[in-house]
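Computed from the coordinates by the stated procedures, all read-outs in this text should not be read as laboratory data. Keep in mind it's a predicted model, so treat the numbers as computed, not measured. Methodologically, a virtual Cβ is constructed for each residue, glycine included, from the backbone with ideal geometry; neighbour enumeration extends over all protein chains shown.
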Amino acid sequence: MKRRLAYTFILLACTFLSLEAGEKAKGDDEYTRFTFGAEWSYVSSFWSGWHYNFFSSEGYRIDQRGNAAGYISNAEAYLHAGYNFNRHWNLSFYAGYAGIGHYNRVVPMSFRITRYFGKNPLADRWLTFLDLGSGICIKPGPQEIVTAKAGGGWRMSLSRCTKLDFLASARVTYTHPTVTYDGIAVPVDMTNRNEALVLALSVGISLTF
């Protein structure tokens with residue numbers, strides 16, 4: 001999975017470098033090349049499905065599957081750094097701290113490609129983005145997560161270097177929660193499978209310099 005993601009973003013980077021080479025140099029002073037900033041979002045999980053397979057303390061195997069719809073709220077915060085290929089495209093790296101439904105806390109890391117509409121970087125304008133990445137569950141026996149989200153928003157241009165984005169997105173997260181049985185956490189060495197898929201919507205703000 002990591003290798004596929006890496007190949008995907010290498011291909012995207014090569015594509016946008018080609019676009020940049022074909023764009024005229026005039027107007028480059030209207031935007032900065034390198035960007036950094038912070039983002040905060042409110043996340044509402046509305047559906048999750050899970051599959052657990054583990055050994056009980058008595059030694060017999062238990063297999064549990066299920067799904068449920070319901071409202072669970074979380075928050076997430078990120079720092080990000082990126083590069084503007086031209087006035088329309090940006091590629092950024094995001095890292096932060098987030099909650100995934102009622103399952104666990106994670107440290108997500110992802111790449112986000114953003115498309116800005118309109119020809120004037122100094123004006124307010126619409127945007128859309130695609131975000132793909134991975135991360136680590138914060139729990140005994142940390143495990144990898146995979147996350148993807150797509151969304152859009154409105155960018156307010158406060159100055160040449162300072163932008164305020166209002167964002168909304170839909171997302172899916174594949175995670176590995178801690179399994180509990182009779183209210184007791186199952187040890188990692190007794191857990192064969194602990195998978196969960198979470199669907200969520202989010203709204204947030206991002207400040208970029």
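Annotations
- Relative contact order of the range 117-174, pairs being alpha-carbon contacts under 8 Å that are 6 or more residues apart, as %: 33
- Formal net charge of residues neighbouring Lys163 (Cβ-Cβ distance under 15 Å; K, R +1; D, E -1): +3
- The range 136-168 and the range 107-130 have Cα centres lying 11 Å from one another.
- The orientation-averaged shadow of the Cα convex hull for the chain, equal to a quarter of the hull surface, comes to 12.2 nm².
- Average Cα contact separation per residue, the chain, under 8 Å, 6 or more apart, as relative contact order %: 23
- Helical runs assigned H by DSSP (4 residues or longer) give the chain a calculated mean residue ellipticity at 222 nm of -3500 deg cm²/dmol, each run adding -39500 (n - 2.57) before division by the residue total.
- Computed from label points 7 Å out along Cα-Cβ, the spacing between Tyr60 and Leu201 is 4.4 nm.
- Report note on the peptides 153-166, 40-53, 96-109, 179-192: ranked by the mean count of other C-beta atoms within 10 Å, highest first, their order is 96-109, 40-53, 153-166, 179-192.
- Candidates Phe36, Phe55, Phe129: whichever shows maximal mean-square fluctuation once the chain is modelled as a Gaussian network with Cα springs under 10 Å: Phe55
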